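*Asks:* Dumping the structure here so I can ask a few things about it.
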Amino acid sequence: MTNKTDNLEAMTRCGVCRSKFGKEDIFLISDDPAKTIFHTTCPGCRTAVLVLLSNGQNGLLGMEMITDLDREEAKEKLNTRAITADEVIGVYKALK
């Protein structure tokens, strides 16, 4: 990809089969000032993808991850409170 337009065009297509996403394939999971997360399902190969968009110092940053989560599972998992370091240490101690 050589320019910003090419990069944006790449994010509108499935990374697996290159099918184009439609509006009906995109589901908003989370939106806050730091980042926006979408879940998409490819209309061609049915691959599920999480898309993270974030404003960085050098402009818009985008990342895609293939997932086995459906829309509702992704929303549930990504809107859950994060595990703290103290909780991890507590489990570790309990398993010793």
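*Asks:* With respect to Pro43, determine if the residue is surrounded by 12 or more Cβ atoms within 10 Å (Cβ to Cβ) and not in a strand (DSSP E or B). Full working, then the answer.
*Replies:* On the way: surrounded by 12 or more Cβ atoms within 10 Å (Cβ to Cβ): yes; not in a strand (DSSP E or B): yes.
Considered against the rule, which asks whether it is surrounded by 12 or more Cβ atoms within 10 Å (Cβ to Cβ) and not in a strand (DSSP E or B), Pro43 comes out as yes.
*Asks:* Which residue out of Lys75, Lys93 is touching a strand residue (DSSP E or B) at 6+ places or on another chain (Cβ under 6 Å) and part of a helix (DSSP H, G or I)?
*Replies:* Values: Lys93 fails: touching a strand residue (DSSP E or B) at 6+ places or on another chain (Cβ under 6 Å).
When all the criteria are applied, what remains is Lys75.
*Asks:* Quick check on this structure: which one of Asn58, Asn79 is loosely packed, with under 11 Cβ neighbours inside 10 Å and touching a Ser or Thr at 6+ places or on another chain (Cβ under 7 Å)? Full working, then the answer.
*Replies:* Details: Asn58 fails: touching a Ser or Thr at 6+ places or on another chain (Cβ under 7 Å).
Exactly one residue qualifies, and that residue is Asn79.
*Asks:* Right, next: (1) surrounded by 13 or more Cβ atoms within 10 Å (Cβ to Cβ); (2) of a type in the set (A, V, I, L, M, F, W, C); (3) free of Cβ contacts under 8 Å to residues at least 12 places away in the same chain: which one isn't true of Leu52, the others all being true?
*Replies:* (3)
*Asks:* Could you run through the range 57-72 and say how many residues are at pLDDT below 90, closer than 20 Å to Ser30 by Cβ and not in a strand (DSSP E or B)?
*Replies:* First pass over the range 57-72, keeping only residues at pLDDT below 90: 57-64.
Keeping just the survivors that are closer than 20 Å to Ser30 by Cβ gives 60-64.
From the residues that got through so far, the ones that are not in a strand (DSSP E or B) too are none.
Here the count works out to 0.
*Asks:* Would you be able to tell me the number of residues in the range 16-30 that are under 16 Å from Lys77 (Cβ atoms) and surrounded by fewer than 17 Cβ atoms within 10 Å (Cβ to Cβ)?
*Replies:* Narrowing the range 16-30 to residues under 16 Å from Lys77 (Cβ atoms): 27-30.
Those left that are additionally surrounded by fewer than 17 Cβ atoms within 10 Å (Cβ to Cβ): 27-28, 30.
Residues in the range 16-30 being under 16 Å from Lys77 (Cβ atoms) and surrounded by fewer than 17 Cβ atoms within 10 Å (Cβ to Cβ): 3 in total.
The values are calculated or read from the model by the stated rules, or taken from the named source; none is laboratory data. Please read all numbers here as calculations on a predicted model, not as lab measurements. Every residue, glycine as well, gets a Cβ built from its backbone with ideal geometry; the counts of neighbours run over all protein chains shown.
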